[in-house]
Amino acid sequence: GGVNGKKIRMVITDNQSTNPGALAALNRNVEQDKVLAMIGPVKSTQILAMSDAVKAYGIPMMVGGTNASITKVGNPWFFRCRVSDAIMAAAAVKYIKEDLKLTKIGLIYSNEAFGTGGADLVEQDAKAQGLSIVARESFTLGDRDFTGQLLSLKRAGAEVFVPYSAGTVEVAKMHSQFRQLGSPYKYVG
């Protein structure tokens, strides 16, 4: 029915899952399609690549990226709809320290911007809280065997592990392999 009797037209544009593609999609939507507001991408790198243009256009954009720096760029046209990785990392570390009363953390993360950024934040918060990162293992999206990383955490004396990855299939397989190894430490994720 629209808003106040005015019809709403939705325009969907493929951003090719790249930073240049996201910027090109934004420019097309604003300049050719004359959009009034946007629901942007969920990849933080794409959102950051678009930031200056969004600010210059003055177009409100709902964003789903979780990188802590999105809030720090000071773009008044960005509206976050997902919590920052900084908040998630701090909550995980607080839970490990205060509720689980553990001090030795192992990290397994995907070696792309989301995974490494989240793992960095967990490590930063852990150190600030007096906890130690006893092992830090990465993987590539698409990997299917995480036994080596999980055993590395066990050998290092991890009491708990935190996975950080946008790879839902990979994390599910990791969790299954973790259980096959007898769940040798706690899991927070």
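List of remarks:
- Scanning segment 86-110 for residues that are free of Cβ contacts under 8 Å to residues at least 40 places away in the same chain and among the charged types (D, E, K, R), we see that the one that is least open to solvent (accessible area, probe 1.4 Å) is LYS97.
- Residues in segment 111-133 that are touching a Lys or Arg at 6+ places or on another chain (Cβ under 9 Å), free of Cβ contacts under 8 Å to residues at least 60 places away in the same chain and of a type in the set (A, V, I, L, M): ALA119, ALA126, LEU131, ILE133.
- Hits in segment 155-189 - residues which are in a helix (DSSP H, G or I) and without any contact (Cβ under 8 Å) to a residue 40 or more places away in the chain: ARG155, THR168, VAL169, VAL171, ALA172, LYS173, HIS175, SER176, GLN177, PHE178, ARG179, GLN180
- In segment 16-103, counting only helices (runs of 4 or more DSSP H) that sit wholly within it, the ones holding 2 or more residues that are of a type in the set (D, E, K, R) span 19-31, 44-57, 85-94.
- When ALA25, ALA119 are screened for being open to solvent by less than 50 Å² (accessible area, probe 1.4 Å) and either closer than 27 Å to ALA158 by Cα or touching a helix residue (DSSP H, G or I) at 6+ places or on another chain (Cβ under 6 Å) (or both), only ALA119 passes.
- Annotation note: of LYS173, LYS154, LYS127, the sole residue that is within 16 Å of ALA92 (Cα to Cα) and modelled with pLDDT of 95 or more is LYS127.
- Residues of segment 44-84 classified as in contact (Cβ under 8 Å) with a residue 40 or more places away in the chain and in contact with a helix residue (DSSP H, G or I) (Cβ under 9 Å, 6 or more places away or on another chain), total: 5
The values are calculated or read from the model by the stated rules, or taken from the named source; none is laboratory data. All figures in this text were calculated on a predicted structure; none of them were measured in a lab. With ideal geometry, Cβ positions are generated from the backbone for all residues, glycine too; neighbour counts draw on all protein chains shown. What goes into the accessible areas is simple: the full protein's heavy atoms, side chains included, and nothing from ligands, DNA or RNA. Shrake-Rupley method; radii C 1.70, N 1.55, O 1.52, S 1.80 Å.
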